[in-house]
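This report concerns only the one structure given below.
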Amino acid sequence: MEISKAKRIRSIVAASSGNLVEWYDFYIYAFSAIYFAHTFSASQNDTIQQINAFGIFALGFLMRPIGSWLFGSLADKIGRKSSMIFSVILMALGSFMIAALPSKESVGDFAILFLLLARLIQGLSVGGEYGIAATYLSELASEGKRGFYSSFQYVTLIGGQLLAVASISVLLLFFDEAEMKEWAWRILFVFGGLLALGSLFVRGVMHETGQNLKKHEDRGTLKALFNTSWREFLIVVGITAGGSLAFYTITTYSKTFMINSAGIDAATSNHIMLIALFILMIFQPIFGALGDKIGHQRSLLIFAILALIGVYPLFSLIKSGGEFIAFAAIIALFIILSFYTSVAGIFKAKLFPEHVRALGTGFGYAIPNAIFGGSAPYVALQFKENGIENGFFVYLAVMMILVFIVAKMLPKNAKLI
């Protein structure tokens, strides 16, 4: 059934706003970890404290496959809209839990276990959100504009990161670093929980897609997914493995790299990322429209080549240059990344038939994202701790070669009509 342009835009805004909140709640952990890591880790070494905190960050990603299976299956069975609402409720719960967690001084080693539990809940939520949002925005879009429309998933995903960085910048106007480390970081998670609850009302206006789901009795099952689309599933896994590693290296670890390796202070690094993430967000619909013109497969191939030859030299510039050179290098990294992020949702969703689309898109994304994406800051810090920081970029280069090879295998015929 064709829907009006006004309803289409309203639905996109509603879905995207909830997506933004989900990713804010998830990413505020990564950007504020330097302020609360000591609260939960028993180590007195700053790097070890951050490794522990980012280890929890990585473990939260391990819940994504479960969340993508649970909520993706739900979206294919009862509808995209209802599943989206359930996922954002779960995210609010996780955020409020982190805000209220006791410190190691109060409960000892249980502190880091409680932190892990809250992150596992958030990982379950955001694991489900990705596949549903990618599916919903792709189904809502019209032919020839699917890259443009689906790019708004990453507009809001990056917007969530941007909001996370901005909220830290605002807090730093009122609290010094000592106060941030003592207690003020908790405000960030209270704010995230409140935003998540508020997004429930916005999502109530969304138009439901997937009108033909009830024609398939086996909709939303792993059996149906692998019976019809196991090759496509493996393609999504292969491309997402490298894409996720690059995404978290460039958008998350780069800030830690500026502080630890380039010697740029935390506040300045935060401001650099704030401006750069805003530019990255603006890039998404532009590169999404470009992907519609040149082809989504070609966008992925360009990304793989540019990342292979460009990421290490640009990180070297961040390390050796000053603040302005670091900013320019990060913008260049974001241009490379945009060839992937702008089409990341649509290239997945259009591979799967409607009755397993949310499950296939989300599950195929979540498994490699958990293994390669969530572990990126942790693995990079481990390389640094062992004195072989550049070894991480060799690992990244190998994964970019994998992306190029698998992207060449993308089928020409899409199943999203």
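The values are calculated or read from the model by the stated rules, or taken from the named source; none is laboratory data. Quick caveat: nothing in here was measured; it's all calculated off a predicted structure. Neighbour counts run over all protein chains shown; Cβ positions are idealised from the backbone, glycine included.
With the range 303-383 as the region, which helices (runs of 4 or more DSSP H) entirely inside it contain at least 2 residues that are within 19 Å of PHE393 (Cα to Cα)?
Numbers: elements: 323-341, 344-349, 357-368.
Counting at least 2 such residues, we get 323-341.
Please go through the range 130-178 and pick out each residue that is among the polar types (S, T, N, Q) and closer than 19 Å to PHE36 by Cβ. So that I can check it myself, show each step before the final result.
Going residue by residue through the range 130-178, those that are among the polar types (S, T, N, Q) are 135, 138, 142, 150-151, 153, 156, 161, 167, 169.
Hits for the range 130-178 are GLN161, SER167, SER169.
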Exercise. Scan the range 335-342 and give yes if some residue there is more than 24 Å from PHE152 (Cα to Cα) and at pLDDT below 95, otherwise no.
Key: no
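Okay, residues lined up against (1) surrounded by fewer than 21 Cβ atoms within 10 Å (Cβ to Cβ); (2) within 26 Å of SER167 (Cα to Cα):
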{"site": "HIS271", "(1), (2)": "yes, yes"}
{"site": "ILE275", "(1), (2)": "yes, yes"}
{"site": "GLN284", "(1), (2)": "no, yes"}
{"site": "ASP292", "(1), (2)": "no, no"}
{"site": "SER299", "(1), (2)": "no, no"}
{"site": "ILE318", "(1), (2)": "no, yes"}
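Specify which of the listed residues (ILE66, ILE56) is within 19 Å of ILE121 (Cα to Cα), at pLDDT 80 or above, among the β-branched types (Val, Ile, Thr) and under 21 Å from the mean Cα position of the chain (by Cα). Working first, answer last.
On the way: ILE56 fails: at pLDDT 80 or above.
Criteria check complete, one pass: ILE66.
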Practice problem: Quick one: in the range 33-47, of everything that is of a type in the set (Val, Ile, Thr) and at pLDDT 70 or above, which residue is farthest from VAL155 (Cα to Cα)? | Solution: THR39
Self-check item: Looking only at the range 387-417, and only at residues there that are under 24 Å from the mean Cα position of the chain (by Cα), within 16 Å of ARG231 (Cβ to Cβ) and crowded, with 16+ Cβ neighbours inside 10 Å, the one that is modelled with the lowest pLDDT
Solution: LEU410
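For every residue, the table says whether it meets (1) at negative phi; (2) surrounded by fewer than 21 Cβ atoms within 10 Å (Cβ to Cβ); (3) in contact (Cβ under 8 Å) with a residue 60 or more places away in the chain.
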position	(1), (2), (3)
PHE54	yes, no, yes
LEU59	yes, yes, yes
ARG64	yes, no, yes
TRP69	yes, no, yes
GLY72	yes, no, yes
ALA75	yes, no, yes
ILE78	yes, yes, no
ILE85	yes, yes, yes
MET91	yes, no, yes
Practice problem: Identify the residue in the range 16-32 that is at pLDDT 75 or above and of a type in the set (A, V, I, L, M, F, W, C) and, among all such residues, is nearest to PHE54 (Cα to Cα). | Solution: ALA30
Self-check item: Single unsatisfied condition, ALA262 versus (1) closer than 21 Å to PHE54 by Cα; (2) part of a helix (DSSP H, G or I)
Solution: (2)
Quiz prompt | Contacts under 7 angstrom Cβ, first residue in the range 169-192 being closer than 16 Å to ALA266 by Cβ, partner of a type in the set (Phe, Trp, Tyr) and assigned to a helix (DSSP H, G or I), 6 or more apart | solution = MET180/TYR35; LYS181/TYR35; TRP185/TYR35; TRP185/PHE36
